[in-house]
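Data block below; observations after.
The values are calculated or read from the model by the stated rules, or taken from the named source; none is laboratory data. Not measured: the values here are computed from a predicted model. Don't worry about glycine lacking a Cβ; one is built from the backbone with ideal geometry, like all the others, and counts go over all protein chains shown.
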Amino acid sequence: MNQVVLTGMVLSTAPVGEYDRRVVLLTKEHGKISAFARGARRPNSPLVGAVNPFAFGEFTVYEGRTSYTIQSANISNYFAELRSDVTGAYYGFYFLEFAAYYTKENNDEREMLKLLYQTLRALTSPHIPDRLVRYIFELKALCINGQAPQVFQCVKCGDRERPAVFSALKGGLVCSRCRENVPDGIVIDKSTLYSMQYIETSKIEKLYTFTVSDKVLEELGKVMGRLMDIYVDKKFNSLEILETLL
Ligand SMILES: [Zn+2]
């Protein structure tokens with residue numbers, strides 16, 4: 001057996017047997033992996049706090065032929081603020097579930113891990129509304145997954161000048177001349193479009209540095225709702241719970 005140190009975040013955890021846990025980790029080195037945490041449910045286990053969702057840090061694991069076993073952990077951020085904020089916690093669970101759905105083992109998931117970390121930090125900040133954090137996360141996750149909508153020019157003719165609508169079905173802007181047969185075109189404010197352009201081009205570290213008017217927040221919600229319906233064919237449990245809390 002081979003011992004390695006992995007940097008990552010706990011996405012989910014489930015009890016196994018009497019005292020153990022199975023943990024899903026998103027790691028810098030090996031993408032999304034599943035690992036056993038032996039004895040993690042014994043009250044005096046050093047792994048008790050380390051294998052909870054949101055915990056981020058270094059995990060020392062044994063790499064077996066077919067599975068990983070967590071030996072110890074050095075957690076640098078528990079995102080403990082989320083424990084006293086039910087709505088915030090469910091936004092957080094939604095981001096974890098979303099990331100788990102989008103990532104794979106032995107795939108380079110460093111961008112998604114970075115996005116997740118910055119998103120949880122933004123969620124614990126009082127300066128950005130949770131809804132805005134959600135829309136920024138969703139749009140950037142689509143970009144990381146190679147599904148960025150076209151927000152700079154008409155998807156059909158490339159025009160950058162003519163008034164345009166946003167079509168989730170067509171995957172971006174459609175100009176006034178190409179608008180025929182685009183039934184789902186939504187007129188959006190320039191500021192909403194600018195926000196989307198910023199989210200798509202900004203570095204992950206700089207994503208959560210702006211806020212928007214209520215009108216822009218509403219429009220972003222509408223656009224992201226349509227995009228999620230089309231691009232993400234999955235109902236997230238945490239999102240369903242979150243919606244009952246809002
Ligand atoms: Zn066009």
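Observations on the model:
- Any hit, the range 53-71, residues being in a loop (DSSP other than H, G, I, E, B), modelled with pLDDT of 95 or more and among the aromatic types (F, W, Y): yes
- When L207, L193, L227, L173 are checked against the criterion of being at pLDDT 95 or above, surrounded by 15 or more Cβ atoms within 10 Å (Cβ to Cβ) and touching a Pro at 6+ places or on another chain (Cβ under 7 Å), L227 stands alone in meeting it.
- Among the residues of the range 126-136, the one identified as surrounded by 14 or more Cβ atoms within 10 Å (Cβ to Cβ) and more than 17 Å from T192 (Cβ to Cβ) is D130.
- Of all residues making up the range 171-187, the number that are touching a strand residue (DSSP E or B) at 6+ places or on another chain (Cβ under 8 Å), more than 11 Å from the ligand (Cβ to nearest atom) and not β-branched (V, I, T): 3
- Here the condition is being under 23 Å from P53 (Cβ atoms) and touching a residue at least 24 places away in the same chain (Cβ under 8 Å); of R226, R131, it holds for R131 alone.
- Residues located in the range 1-41, provided they are surrounded by 19 or more Cβ atoms within 10 Å (Cβ to Cβ) and aliphatic (A, V, I, L, M): L6, M9, V10, L11, V23, V24, L25, L26, I33, A35, A37, A40
- Subset of the range 154-206 that is part of a loop (DSSP other than H, G, I, E, B) and among the aliphatic types (A, V, I, L, M) - its residue that is farthest from the chain's Cα centre (by Cα): V182
- When A164 is tested against (1) surrounded by fewer than 17 Cβ atoms within 10 Å (Cβ to Cβ); (2) within 16 Å of the ligand (Cβ to nearest atom), only condition (1) is not met.
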